[in-house]
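**Student:** First the structure, then my questions, so here it is.
We did not get these values from a lab; they are worked out from the coordinates using the rules stated. If you're wondering where the values come from, they're calculated on a predicted model, not measured in any experiment. No Cβ is skipped: glycine too gets one built from the backbone with ideal geometry, and neighbour counts run over all protein chains shown.
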């Protein structure tokens, strides 16, 4: 039992490192809301946590996307537009650069895992020298168990703050 679990874990982690730019495009290619289910940091405005964070993604061309992000702060919905540019980083690693305006430098999000059945993916980013993680899940799976994404998230990310809860409403 131990060896089969270890083999499964290693296969999952090796697979997590084999993601491509095409996987990142597939992860964003949906008309569903994409929810941030967990992240390794808490974001706050005036002391209130950001919760129920989701993006609606619209492709502008193969490597440029508009993400309309909505989230709650103190039970009030807020909205922000993000512009995403996809590219290959060092070693062909798939990166999504998010910025508030097109063409300016933003925050790079490295795709470390995409699961096309669980409709979830794990992103890493570096903010002021601190590694941060996010697990994004399509609306059709945000209330379901996504064990592959959970496993990869936990192998890369501590702690795990829930961003999506059932109180967020219908996905």
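**Student:** What FRET efficiency comes out for the pair residue 59/residue 143, r = Cβ-Cβ distance, R0 = 25 Å, nearest 0.05?
**Tutor:** That pair, residue 59 with residue 143, gives E of 0.45.
**Student:** If I build a Gaussian network model for the chain, linking alpha-carbon pairs within less than 10 angstrom, which residue out of 114, 77, 138 has the largest mean-square fluctuation?
**Tutor:** Looking only at 114, 77, 138, the biggest GNM fluctuation is shown by 77.
**Student:** Subtracting the Cα-Cα distance from 0.36 nm times the residue separation, let me have the gained length for residue 31 to residue 160 in nm, one decimal.
**Tutor:** So the extension gain works out to 43.8 nm.
**Student:** Take the alpha carbon atoms of the range 26-121, find their radius of gyration, then divide it by 2.2 N^0.38 Å using N residues; give the quotient.
**Tutor:** My calculation over the Cα atoms of the range 26-121 gives 1.12.
**Student:** Here's another thing I want to ask about it. Quick one, what does Rg over Rh come out to for the chain if you take C-alpha atoms and the Kirkwood Rh?
**Tutor:** Ratio value, two decimals: 0.96.
**Student:** At 0.36 nm per residue, minus the direct Cα-Cα distance, what do residue 75 and residue 48 gain on full extension? Give it in nm, one decimal, please.
**Tutor:** Computed gain between residue 75 and residue 48 is 8.8 nm.
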